[in-house]
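Undergrad: Structure incoming, see below.
The values are calculated or read from the model by the stated rules, or taken from the named source; none is laboratory data. The structure displayed is predicted, hence computed values, not measured ones. So basically every Cβ, Gly included, is an ideal-geometry build from the backbone, and we count neighbours across all protein chains shown. Keep in mind that these areas ignore ligands, DNA and RNA; they rest on the heavy atoms of the full protein, side chains included. Shrake-Rupley method; radii C 1.70, N 1.55, O 1.52, S 1.80 Å.
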Amino acid sequence: MRLLVISHAADRTGAPISALQLCRAWSAMGIDLRIVLRRDGPLAERYAAIAPTEIFRSEPHFSIQDLSGQSGRSSLLLAAKCLRNPDRPFCLADDEAAHVSALAGDLTAWKPDAIYANTSHCGDVLAALDLNVPVLTHVRELAPTLRALDRERQTVFLSASDAFLAVSEHARSDLLDVASTLGHALEPERVAVEPPAIEMPDLDTLDAQAPLLLGTLGLPPTARIVCGAGTVGPRKGVDVFDHAARQLLSRDDFPADIYFVWFGTGEWRDRLHTASGECQGRLIYAGERHDTLTLFRRSSLLACPSREDAYPRVQIEAGLVGTPSLGFDGVGGGSEFIRDYQAGHSLSALTAEALATGIAQFFDRRWTIPAGLSARVQAGRTSTASAERILRHIQTRLEM
């Protein structure tokens, strides 16, 4: 099989990392791959190490000299919008349009059997390449994000895709609802559920790295850790994590060996990092790091307070290394993961008070999980298992 993989980005976030690990698994299976990244990023070299990789748009730009060409490809109105925002989807400067045309010609000559599009954000790439082969789009977004897409990208990704994967039942329901609202008849049987792919880490290596991590964070060897990870902003609920940690740390009866650590960067990081100085080193915002799995392995509990998350990749990563998670019902696929793998506990109220109560109950052993969490997650959620299932979905479409 010749499979073209399109990723909307190459940054170190969940969707590009999942696609990268799927590509690595497909390459190991002998699948002939080509990769198109909608934008450049720090993962681009890792993609290129797996298979030939092209960047759809390196540094978006658009000048008044590009108005005529863009108007001919779309409309004068869109061309004017491109002049104000060169990074807008479906905007291409003349040299970018020439690059995309050459790329489309090269891929047409390569003759892919199918396309795997890594998110709903790939519509402009699908439209520009126009390869006329079956497309499987992996939808990793919930309704608010799907509705926020520009209308043309909504139309293209819904109409160009022959079948869909959704990362959770919640995401599947949202996709069907949004498609109906937009006037697209999307049959439920065209949408299967496939959560994010995760490579199984070496647990012995993570254990060996733990003392260095503790030293870097300034934590004692006996520390029990409640961890979190993700963009430091409202969507991931970092304020809920912060308020819950402060509530617990202010209690005289809360154990002194429990610490709170969040890995990630974002709009709130500097403010929270500065304010955490009040907590005597027991609440840490460590910024972006590459040893997140070591943190998960060394932690007692992962707190996942996202307000909206189609399927938190961090919960799978934590589960693979044997760490349970605490999250909220009704916000995405996290509660599905906890239910399916007996991986932790879900809370009904998305509040700092509820999170603090859940954390305290965990350390009081008022809720526990069955032994063997890592083995349970490994049985169904590794990238190799996911890659095999996705190939079966693609093969089904090819045989129809």
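Undergrad: Going through region 94-114 one residue at a time, which ones are over 25 Å from Ser68 (Cβ atoms) and either hydroxyl-bearing (Ser, Thr, Tyr) or open to solvent by 10 Å² or more (accessible area, probe 1.4 Å) (or both)?
TA: Asp106, Thr108, Ala109, Trp110, Lys111, Pro112, Asp113
Undergrad: Within region 335-361, track down each residue that is among the aliphatic types (A, V, I, L, M) and modelled with pLDDT of 95 or more.
TA: Ile338, Ala343, Leu347, Ala352, Ala354, Leu355, Ala356, Ile359, Ala360
Undergrad: Quick one: Gly330 ticks every box in (1) out of contact with any Lys or Arg (no Cβ under 9 Å at 6 or more places or on another chain); (2) buried (at least 19 other Cβ atoms within 10 Å of the Cβ); (3) not β-branched (Val, Ile, Thr) bar one, so which box is it?
TA: Failed condition: (2).
Undergrad: Which residues, counting only those in region 153-184, are surrounded by fewer than 23 Cβ atoms within 10 Å (Cβ to Cβ) and among the hydroxyl-bearing types (Ser, Thr, Tyr)?
TA: Thr155, Ser159, Ser173, Ser180, Thr181
Undergrad: Which one is modelled with the lowest pLDDT among residues in region 373-400 that are exposed (fewer than 13 other Cβ atoms within 10 Å of the Cβ) and closer than 18 Å to Asp340 by Cβ?
TA: Among residues in region 373-400 that are exposed (fewer than 13 other Cβ atoms within 10 Å of the Cβ) and closer than 18 Å to Asp340 by Cβ, the one modelled with the lowest pLDDT is Ala379.
Undergrad: Working carefully through the options Asp242, Asp204, find the one that is buried (at least 17 other Cβ atoms within 10 Å of the Cβ), among the acidic types (Asp, Glu) and part of a helix (DSSP H, G or I).
TA: Asp242
Undergrad: Can we say Ala310 is within 22 Å of Ala385 (Cα to Cα) and either among the charged types (D, E, K, R) or within 18 Å of the chain's Cα centre (by Cα) (or both)?
TA: Answer is yes for this residue.
Undergrad: Take the conditions more than 20 Å from the chain's Cα centre (by Cα) and open to solvent by 70 Å² or more (accessible area, probe 1.4 Å) and apply them to Thr216. Does it pass?
TA: When the stated conditions are applied, Thr216 passes them.
Undergrad: OK, next. So which of Ser346, Ser325 ends up being open to solvent by less than 10 Å² (accessible area, probe 1.4 Å), without any contact (Cβ under 8 Å) to a residue 60 or more places away in the chain and not aromatic (Phe, Trp, Tyr)?
TA: Criteria check complete, one pass: Ser325.
Undergrad: Checking the condition within 20 Å of the chain's Cα centre (by Cα) and among the hydroxyl-bearing types (Ser, Thr, Tyr), which residue from Ser386, Ser374, Ser346 passes?
TA: Ser386
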